[in-house]
Amino acid sequence: DGISSISGAGAFGDGVGYDDASTALPTMSSVENDLNEVQVLDGHRDIVRLLIKVDEHRVASAGDDGRVLVWSSSSGALLLSLEGHTRAITSLVLLTQTRVVTGSSDKTIRIWDIEQGYCVRVLKNGIGGN
């Protein structure tokens, strides 16, 4: 049935080895992909971890570079770059059509105006400031 041996006891149990060519797993080059890349949004300096739809015309992304980038979903153009966090952004929530909220590993929460492109408020240690 294609199983040649049981080998390697690991933290999650024993591994199963296959040596029969008829049961080989497909490689990336042999997998068919019917999806096509529509556009690449290139602007972050580190890993992008979060992406939200703002409205029919915009998306926002955030990640390890501590920035929120707002993009045109039709053209892919960068509309805004919101900077202020000093560490990775770990959460991104659409509050209204004009405001997003971010949380970061810098231990702050920021409320951003994505129409005008500025930080409305910084919440840190339970205290809100501007």
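Structure notes:
- The HN-Hα couplings worked out from phi for the stretch 41-57 by the Karplus form 6.51 cos²θ - 1.76 cosθ + 1.60 (θ = phi - 60°) are 9, 10, x, 6, 9, 8, 4, 8, 10, 9, 8, 10, 8, 7, 7, 5, 10 Hz, whole numbers, x standing for Gly and Pro.
- Per-residue ³J(HN,Hα) for the stretch 66-72, Karplus 6.51 cos²θ - 1.76 cosθ + 1.60, θ = phi - 60°, Hz, x for Gly and Pro: x, 10, 9, 10, 10, 10, 6
- Under 10 Å, Cβ to Cβ, from V101 - net charge with Lys/Arg +1 and Asp/Glu -1: +3
Quick note: the coordinates plus some simple rules give every number you see, no bench work behind them. Bear in mind that the values here come from a model prediction, so they are computed numbers and not experimental data. In this analysis, Cβ positions are derived from the backbone assuming ideal geometry, glycine residues included, and neighbour counts consider all displayed protein chains.
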